[in-house]
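Inspection log for the structure reproduced underneath, given as structure tokens.
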Amino acid sequence: MEPLPLTPPVFSILSALVEERTGLHHGLDKRDLLAERASSRALERGLDSLLDYYYLLRYDDPDGGELQQLVEALVVQETFLFRELDQLEVAADLLAERARAAGGARAWSAACATGEEPLSLAMLLAARGALDRVELVATDVSERALARAREGRYGPRALRAAPPRALDPWVERAGDRLVVRRELIERVRWGRLNLLDAEGRRALGRFDVILCRNVLIYFADATARGVVQGLVDRLAPDGALFVGVSESLLRLRLPLECVERGGVFYYRGARP
Ligand SMILES: C[S@@+](CC[C@H](N)C(=O)[O-])C[C@H]1O[C@@H](n2cnc3c(N)ncnc32)[C@H](O)[C@@H]1O
């Protein structure tokens, strides 16, 4: 399919609308990607101009259904089981300690994509005998990703970093594919949440561990700052926020403390 023309003014208003609603930042380097994905949605809706598509999104999409379709086409859902394993081990240790001390703990995977991240954490908690005492919440903006997460069927790409000992009790293998046991999938409370939705974030309550890994890279700094502050506000006292290993929050100049444990870094709200 040949993308529809995306003139500079339409690129500017369309990318601003997507960013305002979802945080996803499309600079000039992502212009062709936006043109391609928006074109396929516009054509699907019987429109032959991206300006008309912009008007549809802005003024004729009362329930946000079309915006959601566009988001589904734009988001990157790259993830795999036990990604950045050292971080997950530390997160599991913190949760197990908190659960032992307080009788329970809560964790939130805030951009869980197709589910590999929270399911890996669940397996690591089970290996520590702490799964029963930790409530796991997993959210993403993509309905399509969540539908796949709830199925728990993965191919070889999801398995590239999987340590067999943690994995084996929880999966059935069929050739190079695997199916996660329903019991584990049902331990996680899955839901759709846009990270920009302050009300939705608050409704989830407070957490001892929040994972928000490999998503802030798609946001401009101003958006990331608002989201990170919103997440820190959801941390229980002494709670820990993990971002991807290649993402540093120091440039955001927020009142955060960076904590090191076993070579892994995480953040918590600065103490007064
Ligand atoms: C690259 S994946 C990261 C998955 C996992 N956290 C990991 O590190 O492997 C990024 C995820 O962020 C989600 N995402 C993007 N914008 C979002 C938003 N505004 N609110 C919630 N999730 C969002 C995408 O749908 C995608 O599933």
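Looking at the chain as a GNM with Cα springs under 10 Å, which of Arg253, Arg31, Arg165 has the largest mean-square fluctuation? Greatest mean-square fluctuation among the candidates belongs to Arg253. The charge dipole of the chain, taken about the Cα centre with unit charges on the Cβ atoms of Lys, Arg (+1) and Asp, Glu (-1), comes to about 880 debye, rounded to the nearest 20. Here the Gaussian network model covers the chain, with springs between Cα atoms less than 10 Å apart; of Tyr218, Tyr154, Tyr55, Tyr55 fluctuates the most. Taking Glu116, Glu183, Glu84 in turn, the Gaussian network model of the chain (Cα-Cα springs below 10 Å) assigns the largest fluctuation to Glu183. Net length available on complete extension from Asp197 to Glu257 is 19.2 nm, with 0.36 nm assigned per residue and the Cα-Cα distance removed. Multiplying the residue separation of Arg58 and Glu247 by 0.36 nm and subtracting their alpha-carbon distance yields 64.8 nm.
Using the Cβ-Cβ distance between Asp176 and Arg133 with R0 set to 45 Å, the FRET efficiency works out to roughly 0.85.
Solvent-accessible area of the chain (1.4 angstrom probe, protein heavy atoms only): carbon and sulfur portion equals 50 percent. If a spin label sat at a point 7 angstrom from the Cα of Arg157 along the line to its beta carbon, the backbone N atoms of segment 78-117 nearer than 16 Å would be those of 78-83, 113-117.
From its DSSP helices (H runs of at least four residues, each -39,500 (n - 2.57)), the chain gives a residue-normalised ellipticity at 222 nm of -12500 deg cm²/dmol.
Summing Cβ point charges (Lys, Arg +1; Asp, Glu -1) relative to the Cα centre of segment 1-125 gives a dipole of roughly 320 debye. For the chain, the solvent-accessible area of protein heavy atoms averages 47 Å² per residue (probe radius 1.4 Å; ligands and nucleic acids excluded).
The values are calculated or read from the model by the stated rules, or taken from the named source; none is laboratory data. Keep in mind that this is a model prediction, so the values were computed, not measured. Heads up, the Cβs are rebuilt from the backbone with ideal geometry, glycines too, and the neighbour counts pull from every protein chain shown. Heavy atoms of the whole protein, side chains included, go into the accessibility calculation; ligands, DNA and RNA do not. Shrake-Rupley method; radii C 1.70, N 1.55, O 1.52, S 1.80 Å.
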